[in-house]
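Accompanying notes for the structure given below.
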Amino acid sequence: MTAAATVARWGSASTRRQLLAGGSTGRQIAAAVRGGGIIRVRQARYVLPSTRPEIVAAVRLGARLAGPSSAHTYGLWAGFDKRIHVSVEPHATRLARVPRRVVLHWDAPPLRVDAECWRLDIPTTLRQVVAWCDRETALACLESALGQLSVADLLAVFEGESAAARLLASRARPGCGSGAESLVSQRLAGRGIRVDRQVRIAGVGDVDMVVRGTRLVVEVDGRTYHQDPTAFENDRRRDAELLRRGYVVVRLSFEAVTTRWEWCESMVLGALATRAWNPVLPA
């Protein structure tokens with residue numbers, strides 16, 4: 001395996017020790033650097049030319065992506081904080097100059113030989129998100145993590161944490177296909193509107209959520225929804241089937257949920273005030 005292939009296997013950044021363990025010799029590593037296949041950004045730290053800037057920034061500091069920045073790399077909800085959060089070990093030394101957009105934290109656990117050198121693991125990431133972020137962002141992150149962890153595993157992550165952190169973890173419910181769905185569910189709950197998630201409807205399939213006691217379906221489109229014409233057409237068919245079965249459908253875009261929530265809320269409240277208040281009828 002080439003040095004560049006080893007770096008890629010570790011997620012686009014690796015340590016010298018990991019390169020050596022991958023079969024590269026010191027001479028081969030040096031040759032890969034001279035040839036431009038890998039870049040040495042810090043003593044014993046290497047990245048690819050294509051490595052994302054936030055990863056390079058973390059590795060160059062001798063840090064790892066942390067909290068919401070790390071969550072984003074795992075496909076978890078990370079909120080709207082555009083800064084780069086990185087973490088170093090409490091007694092770290094020889095740090096490079098911290099760039100303006102980088103937030104440095106001093107709580108990273110020791111780097112294991114078999115761990116990625118550019119981001120923290122999921123359990124540590126989740127604990128940081130709960131500690132650093134607002135409640136809505138933290139709960140959305142935890143609920144998006146339930147696509148990768150079981151409920152029991154998630155609760156275990158917070159054993160030994162504060163009572164507030166354990167309570168928040170206990171409120172995370174599975175069934176959210178995205179962080180935006182969690183935001184919708186949380187915000188509707190704040191208005192006293194409870195929903196059931198991932199409800200299976202005969203002839204249609206699973207829908208994102210149904211307001212309890214009604215036939216109001218709320219669907220939340222993903223960030224890249226309009227880039228997939230097949231998904232777009234399939235959802236038009238599903239909406240028609242739902243209407244034929246007596247359901248009212250409110251479809252919210254990612255952009256609307258994250259930037260125009262008042263409008264989204266008015267759509268749901270309007271539907272509840274008109275056609276969707278009827279008790280659920282047999283399917």
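Details
- Contact order normalised by residue count of the chain, Cα under 8 Å, 6+ apart, percent: 11 percent
- 3J(HN,Hα) along the stretch 18-23, derived from phi through the Karplus expression 6.51 cos²θ - 1.76 cosθ + 1.60 where θ = phi - 60°, amounts to 5, 5, 5, 5, x, x Hz, with x in place of Gly and Pro.
- For the stretch 101-109, 3J(HN,Hα) computed residue by residue from phi via the Karplus equation (6.51, -1.76, 1.60; θ = phi - 60°) reads 7, 9, 9, 9, 10, 10, 9, 6, x Hz, glycine and proline entered as x.
- Centre-to-centre separation between the Cα atoms of the stretch 52-67 and those of the stretch 100-162: 16 Å.
- Listed values (i) 32, 23, 17; (ii) 44, 21, 16; (iii) 37, 25, 18, entry calculated as semi-axes √(5λ) of the Cα gyration tensor in Å: (ii)
- Ellipticity estimate at 222 nm from DSSP helix runs (n ≥ 4, -39,500 (n - 2.57)) divided over the chain, nearest 500: -12500 deg cm²/dmol
- Sites count as exposed loop sites when they are chymotrypsin sites (Phe, Trp or Tyr not before Pro), lie in a DSSP loop, and have at most 14 other Cβ atoms within 10 angstrom; the longest stretch of the chain without one is 107-276.
- Net charge in the neighbourhood of Val195 (other residues with Cβ under 15 Å of its Cβ; Lys, Arg +1, Asp, Glu -1) is +3.
- Anisotropy class assigned to the stretch 93-138 is oblate, per the alpha carbon gyration tensor with a/c at or over the 1.5 cut-off and a/b no larger than b/c.
- Computed from backbone phi, the HN-Hα couplings of the stretch 193-205 come to 9, 9, 10, 9, 9, 6, 8, 8, 10, 4, x, 10, x Hz, rounded to whole numbers (Karplus: 6.51 cos²θ - 1.76 cosθ + 1.60, θ = phi - 60°; Gly and Pro given as x).
- Sparse-neighbour loop sites [GluC sites (Glu not before Pro); the stretch 130-189; at most 13 other C-beta within 10 Å; DSSP]: Glu159
- Summarising the amide proton neighbourhood of Val102: residues at separation of 5 or more, or on other chains, whose placed amide H is nearer than 5 Å comprise Ile84.
- Expressed to the nearest 5 percent, the antiparallel share of DSSP beta bridges inside the chain is 60 percent.
- Computed from point charges on the beta carbon alone (+1 for Lys and Arg, -1 for Asp and Glu), the dipole magnitude for the chain about its Cα centre is near 940 Debye.
- Listed residue (Gln198, Phe254, Phe232) projecting farthest to the positive dipole end of the stretch 179-273, Cβ model: Gln198
Bear in mind that the values in this text are calculations on the coordinates, not laboratory data. Every value quoted in this text rests on a predicted model; they were computed, and no experiment measured them. Methodologically, a virtual Cβ is constructed for each residue, glycine included, from the backbone with ideal geometry; neighbour enumeration extends over all protein chains shown.
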